[in-house]
Ligand code: FAD
C-alpha cells in the first residue's frame with residue numbers, strides 16, 4: 001500500500017513504460033462521442049485530473065503536438081498548501097483556485113476539458129469511461145474517450161483505516177470544499193457554545209477541537225485554528241475563552257516525524273507553550289458524533305473524550321478506480337515479487353531464480369535497472385556477487401529482499417507532496433514534447449545504450465525543501481543541504497515562497513491581499 005497510496009507514483013510509472021501511459025498504433029474500441037472532432041492524425045492524450053501533477057503537465061506540454069483532453073470532477077486547480085489557511089478564513093477559498101480553462105486557454109494547441117470523473121479505465125481497448133456529476137444533467141452524463149496515451153494524475157483519497165465512525169463524524173482536509181466545511185463548523189461550535197441553554201460542561205465538549213494525525217496537514221491546521229481562536233474568536237466570544245481546547249492525536253512518538261528531529265521537537269515545544277495538547281502513541285479506534293475513542297499503544301488502555309469537531313488527517317490511500325486499473329495491468333505491488341521470491345522455502349534462491357525474478361522486476365519497474373547501473377551493478381551477476389559477498393551458488397532471500405527494498409525505495413518512495421507531483425508533471429511534459437525524437441532514436445540516450453528499452457532518462461526528484469507553519473507567525477523549514485530554519489524569519493520566507501508559487505498572477509494578488517486584510521482587520525467569522 002505504501003507504493004500504491006502515492007498518487008505521484010502513478011505518474012512516475014507512466015514514464016517507466018509500466019502501462020499507465022498506454023500507447024497503441026491502431027485506434028481500437030468504439031467510436032468516440034461527437035464532442036471529439038480533433039485532427040485524427042494527432043495522438044490522443046487523455047489527462048485525468050486537474051491537480052498539481054496534471055496542471056504542471058498541461059502548462060509545460062506542447063499541446064500543438066497532441067489531441068489533448070482533460071477529465072476531472074473539479075474544473076479548477078487548487079493550491080493545496082494553503083487549504084489549512086482556508087479553514088480559518090486567513091485566506092479565502094476563491095483566492096487559491098484557478099479555473100482550469102484559464103490555464104488551458106494559454107496553451108498553443110487545442111485542449112478540451114470535460115468536467116467529469118473517470119469511473120473505469122479499460123487498458124486493453126485504450127478507453128476511459130467517465131461520468132459527469134453536474135446537477136440536472138440532460139441524459140446520464142456518461143461518456144467514454146479513446147486514448148493513445150493516458151496520463152493518470154488523479155491524486156489519492158483520505159485513508160480512514162476503516163476506523164468506525166470516521167466517515168460519518170469527522171471532517172477531512174483534502175479539498176477546498178472540505179476546508180470551507182471546517183470553517184463553517186468551527187463558527188457553528190462557537191455559536192452553539194454560547195447559547196443560553198448550554199451548560200458549562202457542554203461548552204467544554206463543544207469547544208474541544210480534535211485533530212487526528214500529527215503530520216504536516218494536521219499540525220498546520222491545529223496551529224491555524226489556535227491563531228484563529230486567539231486572535232479573533234475569543235474577542236467575539238469572550239465568555240467561552242477559557243473553555244476552548246485543541247488536541248492533536250498522533251499514533252507515532254512525535255508529531256512531524258517526517259521532518260528533521262529539531263523541527264519535530266521545536267513544534268512540540270511550541271504547541272506545549274500555546275496550550276495545544278499533543279497526545280502521542282495513541283490510536284483512534286472509533287468516533288461518534290459526540291465522543292472520540294482512542295487506545296494507548298503502550299498500555300492498551302482505552303479512553304473516550306467528548307469533542308465538538310474532529311479533523312481526520314492521517315494519510316492517503318489509492319482511489320478505487322486506480323486500484324482496479326493497477327490490478328488490470330499487473331502493477332499491483334512489488335510485494336508480489338517478494339512472494340515469488342518466497343516460494344523457495346529453503347530461504348535461498350539459485351542464480352536462475354534470481355535472474356527470473358530480477359527480469360520480472362525490471363519489466364515492471366525499469367528504474368530499478370537504472371538504479372543498479374548507477375550503483376555500478378552493471379548486470380545482475382555483479383549484483384548477485386555483491387549481495388553474496390562470495391562466489392557461492394545461492395543467495396539469502398533476506399539479503400535479496402533488502403537489496404530490492406533499497407532499490408525500490410530509491411525508485412518509488414518519494415513523498416506524496418505537491419512538489420513531487422509538479423516536478424513529475426513537468427518531466428512527463430518534456431518527455432511528450434520529445435517523443436518524436438525518442439522514437440527516431442529507439443536506442444535511447446547513451447547512458448542506456450545496450451538495452452534500448454528506455455525512451456527517456458528516468459525521473460529525478462529535486463528536493464527544494466519543505467515548510468511546517470506552526471502558528472504565531474512562526475514556521476519551521478527544512479531546506480536543501482540539511483539546513484533547518486525556524487521562527488519568525490522563516491515565516492517571511494514561507495510568505496515569499498508561497499506567493500511566488502501561485503499558479504497565476506490573479507491568485508497571487510488575491511492571496512497577498514488576503515494576508516494583508518487579515519493583518520489589518522483580522523479574520524471574518526460570519527457564517528456565510
Ligand atoms: P491532486 O492535486 O490531489 O489532484 C488530483 C486531481 O484529480 C484533482 O483535480 C481531482 O479532482 C482529480 N480527480 C480525482 N478523481 C478523479 C477521477 N476519478 N477522474 C478524474 N479526475 C479525478 N504538498 C506540498 O508539497 N507542500 C505542502 O505544503 C502541502 N500541503 C498540503 C496541505 C493539505 C491540506 C493537503 C491536502 C495536501 C498538501 N500537500 C502539500 C500535498 C499535495 O497537495 C499533494 O501531494 C498533491 O496535491 C498531489 O498532487 P496530484 O496532482 O497527484 O493530486
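Each value in this text was obtained by applying a stated rule to the coordinates, not by laboratory testing. Treat the numbers as computed from the prediction; the structure is a model and nothing was measured. In this analysis, Cβ positions are derived from the backbone assuming ideal geometry, glycine residues included, and neighbour counts consider all displayed protein chains.
Listed values, structure above:
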quantity: Orientation-averaged projected area, Cα convex hull of region 77-142 (nm²); calculated: 7.3
quantity: Rg in Å to one decimal, and Dmax rounded to a whole Å, for region 258-315 via C-alpha atoms; calculated: 13.4, 37
quantity: Which of 129, 113 has the fewest Cβ neighbours within 10 Å, and the rest in rising order; calculated: 129, 113
quantity: Fully extended contour minus Cα-Cα distance, from residue 500 to residue 283, at 0.36 nm per residue; calculated: 74.3 nm
quantity: Ascending count of other beta-carbon atoms within 10 Å, so fewest first, for 439, 220; calculated: 439, 220
quantity: Per-selection Rg to Rh, region 463-522 - Cα, Kirkwood hydrodynamic radius; calculated: 1.02
quantity: Approximate shape of region 76-200 as ellipsoid semi-axes (Cα gyration tensor, √5λ), whole Å, largest first; calculated: 37, 20, 14
quantity: Residue order, fewest to most surrounding Cβ atoms within 10 angstrom, among 171, 437; calculated: 437, 171
quantity: Highest-first arrangement of 304-311, 520-527, where packing means the average Cβ count within 10 Å; calculated: 304-311, 520-527
quantity: Whole-Å semi-axes of the ellipsoid equivalent to region 179-289 (Cα gyration tensor, √5λ, descending); calculated: 26, 15, 12
